């Protein structure tokens, strides 16, 4: 199983779309807080997220709690400044993909800690960045397929 971690997400539709992708790809979603969005049962029901009960979800109240869960694993960090193109990484079952906040990205100390594990999706067109949910979909799908977790 691939783990997808969202660092302090701010845009609920992005989080909802990524959660749906995680359900479809049988991935475990981690949300690293603190967060400002409401993830209560009533809120997700009102938002029409009919798949939410199928989601494998862990909410980490702080980055420190997430890092304690991570232990000595070496995650893949996704940033437009990544050193490795996402399709060149060798993904394995149990890998952790960390996506930054939509506005501020990932903490510099995390990027410095895992410099050889930063990924990017090429942007040949003239745009500032890709949407977080779209980027997560591209990379999670590729990681699932190339790690051997999906063999159909």
Tell me the helices (runs of 4 or more DSSP H) entirely within the range 1-99 that contain at least 2 residues that are under 16 Å from residue 110 (Cβ atoms) and in contact (Cβ under 8 Å) with a residue 24 or more places away in the chain.
-> 63-70
Expected single match for over 19 Å from residue 25 (Cα atoms), over 17 Å from the mean Cα position of the chain (by Cα) and surrounded by 14 or more Cβ atoms within 10 Å (Cβ to Cβ) among 44, 121 is 44
Tally time: how many residues in the range 122-134 are in contact (Cβ under 8 Å) with a residue 12 or more places away in the chain and within 16 Å of residue 4 (Cα to Cα)?
-> 3
Taking the range 91-104 and the residues there that are more than 16 Å from residue 130 (Cα to Cα) and in contact with a strand residue (DSSP E or B) (Cβ under 9 Å, 6 or more places away or on another chain), the one that is surrounded by the fewest Cβ atoms within 10 Å (Cβ to Cβ) would be 94
Filtering the range 81-90 down to residues that are surrounded by 15 or more Cβ atoms within 10 Å (Cβ to Cβ) and at pLDDT 95 or above yields 86, 89
Name, by its number, the condition in (1) more than 18 Å from residue 28 (Cβ to Cβ); (2) in contact with a strand residue (DSSP E or B) (Cβ under 9 Å, 6 or more places away or on another chain); (3) part of a loop (DSSP other than H, G, I, E, B) that does not hold for residue 111.
-> (3)
Of the conditions (1) within 18 Å of residue 141 (Cβ to Cβ); (2) modelled with pLDDT under 95, residue 127 fails just one. Which one is it?
-> (1)
Given 78, 59, which one is buried (at least 16 other Cβ atoms within 10 Å of the Cβ), touching a strand residue (DSSP E or B) at 6+ places or on another chain (Cβ under 6 Å) and under 14 Å from residue 30 (Cβ atoms)?
-> 78
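The values are calculated or read from the model by the stated rules, or taken from the named source; none is laboratory data. Please read these numbers as outputs of a predicted model, since none were measured by experiment. As a convention, Cβ positions derive from the backbone with ideal geometry for all residues, glycine included, and neighbour counts pool all protein chains shown.
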